[in-house]
Amino acid sequence: MLGWLTRRKLRKVVENDILEARSMLSTLKLKLYKEGPEGTLAYGEGVGEVAGLLAERFGLSVPDALRGHGLNWEQLDDASRDLFAALEKAGPMLKSEVQSIRTHAHKQVAGCLVLGHLYRLRFVATQVSQDQQVAAVAMADKLSDFARILAEVAAGLRDPSDAYP
């Protein structure tokens with residue numbers, strides 16, 4: 001009986017993770033639309049920087065880091081926890097009186113937010129039933145596409161408006 005209860009709780013956790021990621025993606029796209037090309041470029045730089053750090057940490061290519069590929073479930077879990085912890089630490093910097101600190105914090109928050117949710121979904125997809133796995137992977141793929149687009153905007157390969165169609 002306890003196994004059934006645990007599975008049910010896990011199901012709710014995964015559903016919540018998917019909803020949070022979907023909400024974050026919609027909110028961030030709206031924010032980028034409102035901030036325009038300059039904000040989109042800055043957020044893209046943040047995603048690219050965080051992906052670069054993850055690639056270095058885990059011995060991945062940056063494209064693999066942007067997709068959340070090439071890691072086992074333990075690494076995915078570890079990375080997502082670290083990204084959300086870094087997100088918490090960057091929060092106070094957003095309120096700094098120094099513009100350069102706020103700008104850096106916004107970049108870091110964008111990278112940690114997008115990639116944190118991506119890595120979390122890649123992790124939970126390894127832990128759940130087939131139907132939830134499909135939903136988690138589908139949402140992770142959307143986040144992966146978004147992360148790639150933002151990184152390409154930062155690299156000058158795409159127009160900022162591509163990030164919020």
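Exactly one residue among Glu20, Glu15 is over 20 Å from Ala147 (Cα atoms), touching a residue at least 24 places away in the same chain (Cβ under 8 Å) and not aromatic (Phe, Trp, Tyr), and that residue is Glu15.
Condition check for Gln133 on (1) surrounded by fewer than 20 Cβ atoms within 10 Å (Cβ to Cβ); (2) of a type in the set (S, T, N, Q); (3) touching a residue at least 60 places away in the same chain (Cβ under 8 Å): one failure, at (3). Taken over region 109-133, the residue count meeting the criterion of being of a type outside the set (Ser, Thr, Tyr) and within 11 Å of the chain's Cα centre (by Cα) is 13. Here Leu121 fits the description: buried (at least 24 other Cβ atoms within 10 Å of the Cβ) and of a type outside the set (S, T, N, Q). Selection within region 136-165: residues that are closer than 12 Å to Ile18 by Cα and in contact (Cβ under 8 Å) with a residue 12 or more places away in the chain. The member of this set that is surrounded by the most Cβ atoms within 10 Å (Cβ to Cβ) is Leu143.
Of the listed requirements (1) under 14 Å from Leu143 (Cβ atoms); (2) free of Cβ contacts under 8 Å to residues at least 40 places away in the same chain; (3) buried (at least 18 other Cβ atoms within 10 Å of the Cβ); (4) among the hydrophobic types (A, V, I, L, M, F, W, C), Ala105 misses just one: (1). Of these, Ser96, Ser100, Ser80, which one is modelled with pLDDT under 95 and touching a Lys or Arg at 6+ places or on another chain (Cβ under 8 Å)? When all the criteria are applied, what remains is Ser96. Counting the residues of region 17-49 that are surrounded by 15 or more Cβ atoms within 10 Å (Cβ to Cβ) and acidic (Asp, Glu) gives 4. Based on this model, can you work out whether Pro37 counts as more than 12 Å from Ala110 (Cβ to Cβ), out of contact with any Leu (no Cβ under 9 Å at 6 or more places or on another chain) and modelled with pLDDT under 95? Considered against the rule, which asks whether it is more than 12 Å from Ala110 (Cβ to Cβ), out of contact with any Leu (no Cβ under 9 Å at 6 or more places or on another chain) and modelled with pLDDT under 95, Pro37 comes out as no. Of the helices (runs of 4 or more DSSP H) lying entirely inside region 1-109, the ones with 1 or more residues being in contact with a helix residue (DSSP H, G or I) (Cβ under 6 Å, 6 or more places away or on another chain) and of a type in the set (Phe, Trp, Tyr) are found at 2-58, 73-90. Taken together, the residues in region 110-132 that are part of a helix (DSSP H, G or I), more than 25 Å from Thr40 (Cβ to Cβ) and out of contact with any Ser or Thr (no Cβ under 8 Å at 6 or more places or on another chain) amount to 5.
Among residues that are aliphatic (A, V, I, L, M) and buried (at least 17 other Cβ atoms within 10 Å of the Cβ), Leu10 is not included. For region 8-30, residues that are farther than 18 Å from Arg122 by Cα and at pLDDT below 95 total 2.
The values are calculated or read from the model by the stated rules, or taken from the named source; none is laboratory data. Note that the coordinates shown come from a computational prediction; the quantities given were computed from them, not determined experimentally. Methodologically, a virtual Cβ is constructed for each residue, glycine included, from the backbone with ideal geometry; neighbour enumeration extends over all protein chains shown.
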